[in-house]
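S.K.: Can you read through this structure? Questions will come right after.
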Amino acid sequence: MAVEKEQAEPSGESKPSAETDMGRRASSTAPTPSWFTPKRLLIIFCVINLINYVDRGTIASNGVNGSQGTCTKSGTCTAGTGIQGEFNLSNFEDGVLSSAFMVGLLVASPIFASLAKSVNPFRLIGVGLSVWTLAVIGCGFSFNFWSITICRMLVGVGEASFISLAAPFIDDNAPATQKTAWLAIFYMCIPTGYALGYVYGGLVGDYLNWRYAFWVEAILMLPFAVLGFVMKPLQLKGFAPAESNKALAEVETAASQDTDVAVGNGGAASTREEFRDKSSYKPAMVSFATKIWNQFARFLKDMQVLLLEKVYVVNVLGYIAYNFVIGAYSYWGPKAGKNIYNMSNADLIFGGITIVCGILGTLAGGFVLDFMNNTISNAFKLLSVATFLGAVFCFSAFCFKSMYVFLVLFSVGELLVFATQGPVNYISLHCVKPSMRPLSMAISTVSIHIFGDVPSSPLVGVLEDYLDNWRKTALILTAILFPAAGIWFIGVFMHSVDRFNEESEHQVIVTDRSNRTPLLGGKTAETIGSSAEP
């Protein structure tokens, strides 16, 4: 193509400059519109999120459906059921199993968030979902406690890319007056998926075998894993389009060649040869290690910026206390209800309550914040009030001996508690500049899990083993919601700035000229002009 253009130009015209050539190349490489419309994107991400949490609910259903083998004094033994029975797990091991996938999630989330600056985010999601699918298949083929625990860790690795990048994409494409509502629709899949997982895991375990539940999940996720590689993606706000990076790399190469020709083949050529001779002796491992270190240094710098944002820190601290309770509820709730109120179908009852209250509460929280005017200060107000009232109703519910009174009060409490999902993530996305949002979501997820539901399930198991009283255990757990409401109440009085538009829609992150080559990807520059943008 370059030869044809040169032949078509009049002989009297001068050769175009590198800057002009950059504009032409960028224009020719401008991407065509993505197949993903905002609504399609929201629907696809919601389905993926739903499958993720169905998997978590499937594991959680083992807590109420699984049982250890027992032997009577006369020597008659009954085989155990479910994962717990087949692998002879204690309550502590059962709790560890539900939290094992968090280990992979915690390690991989910051890595995927950091790589989003140099690798196409949609491709990262495709990689993550592929790992998730293979790991879930492995869960179905596990043969002891350690094998299924390792597979659960890999499930967390696969999910890490999705949870870090999905919310920023949704926030980018949602209408300005409905951002919290769209986030609420997305996060509505958390309680809904958990609840469906309870029911799904129990039914599959009763009629087939618990292993089939994992295999079916893998089949459902496989098309989305493939989609992450084959579809032309949207660009994430605050990041340089991949096409612009490629065009810039081509321009820099062309400019370098033009400079060599203009200077002549004397000193310039000898300098280039000398440089090549020296660089050829540089070990490849040293170069790769340098790239790794540069990536890590950039991550540390971003982390410093993030942790100095007081609004973000307060929001995450409240979310940690909240998630400590919700994580233990999701795992031990059915077993507690079965033991306290003698529920014959505790998983179905809790699943039904969680589905209804999760959908209504999460959607209500998003729409209420949009109605109030979706600001960070209003989000903190909604978080503190909803969590406090929810804690009052849930705590009161476990104080009554009547199962019907419990169900009414607990349902109202869950309705209020789930109203926090949209506002809390709205704050995490809008209190930082756009280029920091993937890392913001990743660190938020890491924090709420490593200090929240990762330790809560096994700790509640240990507490119950010590107290041997599910009512007291549930009351102690529920009381932690009050500090969560208090922490979020502090955020109401903090100075907050919505940074969503701090970087223009097509602005590209400034990078150091001495560190222009990312870990995985083409060259970048300090800035890319508007002519190089799609």
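S.K.: Would it be correct to say that VAL432 is outside any helix (DSSP H, G or I) and β-branched (Val, Ile, Thr)?
M.R.: The answer is yes for VAL432.
S.K.: While we're looking at this one, here's another question. Only one of (1) farther than 30 Å from LYS472 by Cβ; (2) modelled with pLDDT under 85 fails for PHE350. Which number is that?
M.R.: (1)
S.K.: Another question about this same structure. Quick one: which of SER142, SER147, SER164 is open to solvent by less than 10 Å² (accessible area, probe 1.4 Å), among the hydroxyl-bearing types (Ser, Thr, Tyr) and at pLDDT 85 or above?
M.R.: SER142
S.K.: Could you please find all residues in region 448-504 being open to solvent by less than 70 Å² (accessible area, probe 1.4 Å) and of a type in the set (D, E, K, R)?
M.R.: ASP453, GLU464, ARG471, ARG499, GLU503
S.K.: Sticking with this one: Answer yes or no as to whether ASP94 is surrounded by 12 or more Cβ atoms within 10 Å (Cβ to Cβ), at pLDDT below 80, at negative phi and over 32 Å from the mean Cα position of the chain (by Cα).
M.R.: Considered against the rule, which asks whether it is surrounded by 12 or more Cβ atoms within 10 Å (Cβ to Cβ), at pLDDT below 80, at negative phi and over 32 Å from the mean Cα position of the chain (by Cα), ASP94 comes out as no.
S.K.: Scan region 386-411 for residues that are out of contact with any Ser or Thr (no Cβ under 8 Å at 6 or more places or on another chain), free of Cβ contacts under 8 Å to residues at least 24 places away in the same chain, assigned to a helix (DSSP H, G or I) and of a type outside the set (Gly, Ala, Ser) and jot them down.
M.R.: Within region 386-411, VAL392, PHE393, TYR404, VAL405, VAL408 qualify.
S.K.: Next question. Restricting to region 427-439, name every residue that is within 30 Å of ILE353 (Cβ to Cβ) and either within 14 Å of the chain's Cα centre (by Cα) or open to solvent by 10 Å² or more (accessible area, probe 1.4 Å) (or both).
M.R.: The answer is SER428, LEU429.
S.K.: Among the residues of region 104-133, write down those that are within 24 Å of PRO458 (Cα to Cα) and in contact (Cβ under 8 Å) with a residue 60 or more places away in the chain.
M.R.: Once the filter is applied, which keeps residues that are within 24 Å of PRO458 (Cα to Cα) and in contact (Cβ under 8 Å) with a residue 60 or more places away in the chain, region 104-133 yields LEU105, LEU106, SER109, TRP132.
S.K.: Quickly run through region 332-370 and pick out the residues that are open to solvent by 40 Å² or more (accessible area, probe 1.4 Å) and not aliphatic (A, V, I, L, M).
M.R.: Matches in region 332-370: LYS338, ASN339, ASN342, SER344, ASN345, PHE367.
S.K.: State which residue pairs qualify: first residue on the phi < 0 side of the Ramachandran plot and modelled with pLDDT of 90 or more and inside region 432-450, second residue open to solvent by 10 Å² or more (accessible area, probe 1.4 Å) and among the small types (Gly, Ala, Ser) in any location, beta carbons under 8 Å apart, and separation of 6 or more residues or different chains.
M.R.: none
S.K.: Criterion first (farther than 17 Å from ALA479 by Cβ, open to solvent by 10 Å² or more (accessible area, probe 1.4 Å) and in a helix (DSSP H, G or I)) does PHE418 satisfy it?
M.R.: Judged against the criteria, PHE418 is a match.
S.K.: What pairs come up if the first residue lies in region 358-382 and is acidic (Asp, Glu), the second is open to solvent by 40 Å² or more (accessible area, probe 1.4 Å), and their beta carbons are under 7 Å apart, counting only those six or more places apart or on different chains?
M.R.: Close Cβ pairs satisfying both conditions: ASP370/THR177; ASP370/GLN178.
S.K.: Shifting gears a bit: When the residues of region 49-69 are filtered to those that are touching a Leu at 6+ places or on another chain (Cβ under 7 Å) and among the hydrophobic types (A, V, I, L, M, F, W, C), which remaining residue is modelled with the lowest pLDDT?
M.R.: Ranking the candidates gives ILE59 first.
The values are calculated or read from the model by the stated rules, or taken from the named source; none is laboratory data. Everything quoted here is computed from the prediction, not taken from an experiment. Heads up, the Cβs are rebuilt from the backbone with ideal geometry, glycines too, and the neighbour counts pull from every protein chain shown. Surface accessibility is based on the protein's heavy atoms, side chains included, excluding ligands, DNA and RNA. Shrake-Rupley method; radii C 1.70, N 1.55, O 1.52, S 1.80 Å.
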